[in-house]
Amino acid sequence: MDKTVADLAAAVAGIEDGMVLMIGGFGGAGAPIELIHALIDRFKATGSPKNLTVVNNNAGNGRIGIAAMIDAGMVAKMICSFPRSADPRAFTEKYLAGEIALEVVPQGTLAERIRAGGAGIPAFYTPTSFGTDLAKGKPVAEFEGRPYVQERWLKADVALLKAELADTQGNLTYRKAARNFSPLMAAAAAVTVVQATKVVEPGGIDPEAVITPGIFVTRVVEVADARQEEALMREGAAYA
Amino acid sequence: MTEKLSNAQIAWRAAQDIEDEAYVNLGIGFPEMVAKFQPPGRQAIFHTENGILNFGESPAAGEEDWDLINAGKKAVTLKPGAAFFNHADSFAMVRGGHLDVAILGAYEVAENGDLANWSTGPKGIPAVGGAMDLVHGAKRVAVITDHVTKDGRPKLVKHCTLPLTGLACVTRVYTSLAVIDIEGGRFVLREKLPGLSLEQLQAVTGAELVIAGTVADLVAPEVS
């Protein structure tokens, strides 16, 4: 079994208009910048993919990554917990102009919806958001005398993730707090595409250290010189 | 109003109630300051929503590793015994009742413990982050806040007027003037600035302050 592909263009192949895309990362930690930029390259060359729904904790920062996708006009809707950042201009402009939709989800509920999507659990109950504006219209039930809100699973057509190590069978490790949503998204997407800073042969990762088992991973591309989104931001980088 | 505690002094006071070895989440912004004022000999273990337990102070400028950040996206360091975990596990720690204390900021706190701290109303772009999760599950949910708004209106109120973060979730409020417990749907006054009369404090509080037992002096050292 070999899930590696030759280059970034091959890694992001098959992402079509209207798809739901989960993109790993919390702030800059774990953001798969090179995969995102490869997708922007394809959009600029072919006009596709567009009308995407993007799931991420945030809604882009500065002029790179998800913010650059939004600027390019590829994103129709964001599902996130916190559409603010150091430089949220890209999302803010489109949102205020009515050109992008927003579904704001409490952060722990967002994580659990993705986890449920990957685990085959269509709905679950959480205390989070009970009695607030974000629970409006959702079923409520009482368990052991306390009220809980029903939330539904969240699944995606494709997940774009950044790993530290991958083996050719798709087993993954992550770097520090760059892990965040990625193990959940890997399971919740029909196709999971991973950029890894280093790709090794099977056996090259201690099974005790595997964070995401390869069964959840579809394609792996090595990006040895991967950049960190926050570091790029601080250099004032723009992808356009 | 003659005097009030600074934000650092409010954070200092809140820190005095955190036990040794407690698992603690500090909200983004002002609450992060509480970590600085742990009493000597006590070591709380701090949790951050994005997936770290037992993180430490910010590194020196130039030493940042941007894969090692807290929920406020500030660079942090690790203490011995630190752990990384994914977001579902992180919020299992929150909702599952595994944290001892969560300390949050507030726009308004109602006498029944309702909290409003995520939205100032329909204007602007809604952004909630982990606020609605953090108010459920921690054994104690404390708020640190100025006693009144910038234009002098009470932040401790009968009913919240801003969009709610959670219902009946706050257990204690540390303000610039007082320490107040929420018990049985009432504000119970525990400590107040010694130079402040009960009448003066009641005048800037939007619901009745109940006296149950001794009201101690709220005294904090000069800290920053």
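Read-outs throughout are calculated quantities, based only on the coordinates presented, and are distinct from any laboratory measurement. Not measured: the values here are computed from a predicted model. Neighbour counts run over all protein chains shown; Cβ positions are idealised from the backbone, glycine included.
Got a sec? How would A:I79, B:I52, A:I121 order by Cβ neighbour count within 10 Å, fewest to most?
Working: A:I79 21, B:I52 25, A:I121 13.
Lowest count first: A:I121, A:I79, B:I52.
By other beta-carbon atoms within 10 Å, ranking A:M185, A:M233 with the fewest at the front produces A:M233, A:M185. Both radii were evaluated on the Cα set of the protein assembly as shown; the Rg over Rh quotient, with Rh as the Kirkwood radius, amounts to 1.00. Place +1 on the Cβ of every Lys and Arg and -1 on the Cβ of every Asp and Glu in the protein assembly as shown, take the dipole about the Cα centre, and give the residue among A:P122, B:A207, A:A190 whose Cα lies farthest towards its positive end. Positive-end residue among those listed: B:A207.
Take every Cα pair under 8 Å whose residues are at least 6 apart in sequence, average their separation, divide by the length of segment B:7-217, and the relative contact order is 17 percent. Can you say what percent of the DSSP beta bridges in segment B:107-196, counting only those with both residues inside, are antiparallel? Round to 5. Bridges in segment B:107-196 are about 70 percent antiparallel. Computed from phi, the 3J(HN,Hα) profile of segment B:92-98 under the Karplus parametrisation 6.51, -1.76, 1.60 (θ = phi - 60°) reads 5, 4, 6, 6, x, x, 8 Hz, with x in place of Gly and Pro. Across all Cα atoms of segment A:132-199, the radius of gyration (one decimal) and Dmax (whole number) stand at 17.3, 51 Å. Summing Cβ point charges (Lys, Arg +1; Asp, Glu -1) relative to the Cα centre of chain A gives a dipole of roughly 500 debye. Within segment A:63-188, the proportion of C-alpha pairs whose separation exceeds 17 Å stands at 67%.
What is the mean projected area of the alpha carbon convex hull for segment B:7-217, to one decimal in square nanometres? Each step should come with its number before you reach the end.
Values: hull surface 51.3 nm².
For segment B:7-217, the mean projected area of the Cα convex hull comes to 12.8 nm².
Distances longer than 22 Å among the Cα atoms of chain A: what percent of all pairs is that? Beyond 22 Å sits 52 percent of the P(r) for chain A.
Kindly give the semi-axes, whole Å and largest first, of the ellipsoid equivalent to segment B:100-224, taking each as the square root of 5 times a Cα gyration tensor eigenvalue. Could you put the intermediate results ahead of the total?
On the way: eigenvalues 113, 50, 41 Å².
So the three semi-axes of segment B:100-224 are 24, 16, 14 Å.
If you take every DSSP beta bridge fully contained in the protein assembly as shown, what fraction is antiparallel? Give it as a percent rounded to 5. Let's see the in-between values first.
On the way: 33 of 85 bridges.
Of all bridge pairs located within the protein assembly as shown, approximately 40 percent are antiparallel.
In segment B:7-217, the DSSP beta bridges split such that about 50 percent are antiparallel, to the nearest 5.
Taking amide H as placed 1.01 Å from N in the peptide plane, the amide H of A:A196 sits under 5 Å from that of A:A163, A:V221, A:E222, A:V223, each at least 5 places away or on another chain. On a per residue basis, the convex hull of the C-alpha atoms belonging to segment A:120-240 measures out at 181 Å³.
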